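Remarks on the structure that follows.
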Amino acid sequence: MDSLESDYTLKIETKGVESTPPNPERTKDAFSRIGYSPEESIADLIDNSIDATASDVLIRLVYNSKNVQRIFIVDNGSGMREEILRRAMQFGSTLKHEKTDLGKYGMGLKTASLSQCEQFSVITRAGGEISGRRWSSASFQKDWLCEKLDRSGCAILLAASWAGLDLKKSGTIVMWEKLTCLQAGDIGTSETVNKAIIGLANHLGLVFHRFIEKKGGLKIHLDSQLTGTGESKVTQTVEPLNPFGYRISGAKNYPKEFRIKLEGVESMTLVGHIWPPKSRERGYTLGGGKISSRQGFYFYRNDRLIQSGSWNGFRGDDAEPHVSLARVMVDIPPRAEGSFDVMVQKSKVMPPRDFVEAVKAATSGSTRFPDYVVKATEVYRQKVGREAVEDFPLVPWLGLSQGSREKVREVLAPEDQRIRKVGFWWKKLEAGSIFELDRDRRRINLNELHRGAILGGSRRSKNDAELFKATIFLLVRECFEHQAMTRQRKEFLDTCNRLLLHCING
């Protein structure tokens, strides 16, 4: 089955009684008010995928001309056997989690799903065993009966095309229907879907950036599908969004490690970072919005980012602009989990009562933690000090004519006095490459072997192929903005080279 052409109808096999609260309308309403955003809900389900050792996760939005119809969260993890799925879908029953799991309360599947839709199904395969269950508003009214789905319909869904994910041996599909989120409103469905995918890419790239950055790490894919066509738009792979991913620190001798002692916990480490001022890197802007609200503590649990910013009572103002460069990395050790309350949405941490006083007393050598905050403020006020990296706009330069340089500067850096220049060099490279990056010298090397084909008969000169050069620059600009060349960026550059080579060779 190459595409999802069906109407997604899954037949009910039997019904199993679940022991649950008696007032379905009030309980269902409580789920919708629990405070999950769509991005947080999907992240909660991806936690389960990671715990199931999935290497790939796909989020697919299915829509028509009026609205977003369904959301699928698909993974190629170990799946669940029938008994495990029954327990996972049962209210009042939770699954045991290991300390290394991202799942914490055992309620995320139900609470996250029902906060975004009125009906959700889970179809899974483990050890050759296929099973499926569904909760819906109708089942709440019928004495809270969790519907058991017909295996043949589940098998068809598992065999569908899921952007290359192989679910033949194991995997899980979560399907949200009758959505209460992502309503199109006045902007139209297509624009709603595009905005949702951008928001998901930013949120998931931030929350799971450590998992994505690992060698052979997690791949999260996003795509959309217009109903009736069976065709998915180009799948986007989520890039890591590292909130500490600068190239050079904004201040000398930073980051610094501060040790704190809490009641009942041996010790913890706070790592104080100072970003370079006026940074335009994605790791600093984190998808846009008010940058000053990103200052403060970044709490991680088992490498999963829980909280991204806020001083948790250490400072009175969580968004004072002068402290915008200060970000503190905090990994909650397993032995301290009982002292830190993680909110159900996994977006906020409530530290123990003695946390603020412990932070105030923390030191790194002769530097007190309050001194670190002062230093971050000083660097911000310097705007661009001697200790900070020059993080000015990137502009293509050497290899373009003077007139072209002036025009691209008008577009890319109209108000900036200083820029970072990117040059172009013709150089003999391997025949299978059109270009390569020299990030240290801030150069784009173009393959002399294909120069004639690129020029198409035009005369060679030091400023030739300006349109081609400008296009390559726009393609690879972000690769000069980041601290490390991740697997995703390398794959992107390889894809660009292959596509250009194919076009040149005809």
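Computed quantities for the displayed model
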item	result
Single match in K214, K252, K195, K168 (criterion: within 23 Å of V122 (Cβ to Cβ) and either touching a His at 6+ places or on another chain (Cβ under 9 Å) or surrounded by fewer than 14 Cβ atoms within 10 Å (Cβ to Cβ) (or both))	K168
Test: residue in the range 227-235 that is at pLDDT 90 or above and not hydrophobic (A, V, I, L, M, F, W, C)	no
Which numbered condition E39 fails, given (1) farther than 30 Å from G205 by Cα; (2) at pLDDT 60 or above; (3) touching a Gly at 6+ places or on another chain (Cβ under 6 Å); (4) of a type outside the set (K, R)	(1)
From F244, F208, F258, residue being aromatic (F, W, Y) and either surrounded by fewer than 20 Cβ atoms within 10 Å (Cβ to Cβ) or closer than 15 Å to G164 by Cα (or both)	F244
Of all residues in the range 393-429 being closer than 18 Å to S279 by Cα and β-branched (V, I, T), the one that is modelled with the lowest pLDDT	I419
Residue, surrounded by the fewest Cβ atoms within 10 Å (Cβ to Cβ), within the range 171-182, restricted to residues that are hydrophobic (A, V, I, L, M, F, W, C) and farther than 16 Å from M80 by Cα	C181
Complete set of residues in the range 134-156 that are within 18 Å of I73 (Cβ to Cβ) and in contact with a Gly (Cβ under 8 Å, 6 or more places away or on another chain)	L149, C154
Members of the range 283-335 that are over 19 Å from E239 (Cβ atoms), small (G, A, S) and out of contact with any Gly (no Cβ under 8 Å at 6 or more places or on another chain)	S292, G313, G316, A319, S324
In the range 314-350, residue farthest from the chain's Cα centre (by Cα) [restricted to those that are of a type in the set (K, R) and within 24 Å of S37 (Cβ to Cβ)]	R327
Residues located in the range 149-205, provided they are of a type in the set (V, I, T) and under 25 Å from the mean Cα position of the chain (by Cα)	T172, I173, V174, T180, I187, T189, T192, V193, I197, I198
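The values are calculated or read from the model by the stated rules, or taken from the named source; none is laboratory data. Remember, it's a predicted structure, so these values are computed and weren't measured experimentally. For neighbour counting, all protein chains shown are included, and Cβ atoms are generated from backbone atoms with ideal geometry for every residue, glycine included.
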